[in-house]
Amino acid sequence: MPDEPLLPDDSEGAAEGEESADDQADEEPHDDTGLDLARTVARSMARPGARRPRAGGPGTRPRRTDPQTSGAHPDERDPQLLDSTVSRLISDQGWGTDVRVHGVFSRWDLIVGHEVAQHCAPESFADARLVVRTDSTAWATQMKLLAPTVVRRLNEELGDGTVTLIEVLGPHGPSWKRGPRSVRDGRGPRDTYG
């Protein structure tokens, strides 16, 4: 049984009387190893109609077989709307209350009124306790008086028992611990600010 050539013969495409480069290379005895073998394979792959290596050979990735196939109806693998994806993330992580409370932070002036919102701002929320910062001690006193009404309004917006306590903080005063006019072991300003 004669040995069949591994590569197709390209002498069919050559005109009669002309020798192709492959035919000239075949006339010379050579050993198909190393660089010669690589050149021969590269030339054979460059020809139109040359057979390509079969998939599944060495150096190829195996085909991914998915037991689930896509159907005509939508499922979780289809593209999702951003709104539904974010809502699912919030519910999975348990961030529902925090997101609702921070939504109230953005609507603070609608809940407490425009005048109060100019002087009092929510600062943080943790463990059903809302911290509100005021810009003066007079507004801190006013906010302490309004706290029960604000707690009721917030619970109407967020759900019963979401906010149980409002902690009111006065204004931030400047620090006198550093700088050219700082006094070592001094008590600093007392009732100057606020």
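The values are calculated or read from the model by the stated rules, or taken from the named source; none is laboratory data. This structure is a prediction, so every number in the text was calculated from the model and none was measured. Cβ sites come from the backbone with ideal geometry, for glycine too, and all protein chains shown count toward neighbours.
Residues of the range 149-170 being over 18 Å from residue 102 (Cα atoms) and in contact (Cβ under 8 Å) with a residue 24 or more places away in the chain, which ones?
If the condition is that a residue be over 18 Å from residue 102 (Cα atoms) and in contact (Cβ under 8 Å) with a residue 24 or more places away in the chain, then 169, 170 are the ones that fit.
Just to be sure I understand the filter: pairs with C-beta atoms under 6 Å, separated by 6 or more residues or on different chains, first member in the range 134-148 and among the hydrophobic types (A, V, I, L, M, F, W, C), second member assigned to a helix (DSSP H, G or I). Which pairs pass? Here the result reads 139/119, each pair linking the range 134-148 to a residue that is assigned to a helix (DSSP H, G or I). Applying the criterion of being farther than 25 Å from residue 106 by Cα and surrounded by 11 or more Cβ atoms within 10 Å (Cβ to Cβ) to the residues of the range 160-194, the residue that is modelled with the highest pLDDT is 173. Taken over the range 94-127, the criterion of being assigned to a helix (DSSP H, G or I) and farther than 18 Å from residue 156 by Cβ is satisfied by 98, 114, 115, 118, 119.
Residue by residue, here is whether (1) under 30 Å from residue 130 (Cβ atoms); (2) aliphatic (A, V, I, L, M) holds:
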{"site": "75", "(1), (2)": "no, no"}
{"site": "88", "(1), (2)": "yes, no"}
{"site": "102", "(1), (2)": "yes, no"}
{"site": "105", "(1), (2)": "yes, no"}
{"site": "110", "(1), (2)": "yes, yes"}
{"site": "118", "(1), (2)": "yes, no"}
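Looking across 147, 121, 138, one residue alone is farther than 30 Å from residue 95 by Cβ and modelled with pLDDT of 85 or more. It is 138. Restricting attention to the range 134-162, the residues being of a type in the set (Ser, Thr, Tyr) and outside any loop (DSSP other than H, G, I, E, B) number 4.
Cβ separations smaller than 7 Å between residues 6+ apart or across chains give the following pairs from the range 80-106 residues that are under 25 Å from residue 165 (Cα atoms) to residues that are of a type outside the set (Val, Ile, Thr) and surrounded by 12 or more Cβ atoms within 10 Å (Cβ to Cβ): 90/96; 100/158; 101/125; 101/158; 104/154; 104/157; 104/158; 105/122. Scanning the range 132-159 for residues that are under 17 Å from residue 172 (Cβ atoms) and either of a type in the set (Asp, Glu) or surrounded by 15 or more Cβ atoms within 10 Å (Cβ to Cβ) (or both) returns 132, 133, 134, 135, 139, 140, 143.
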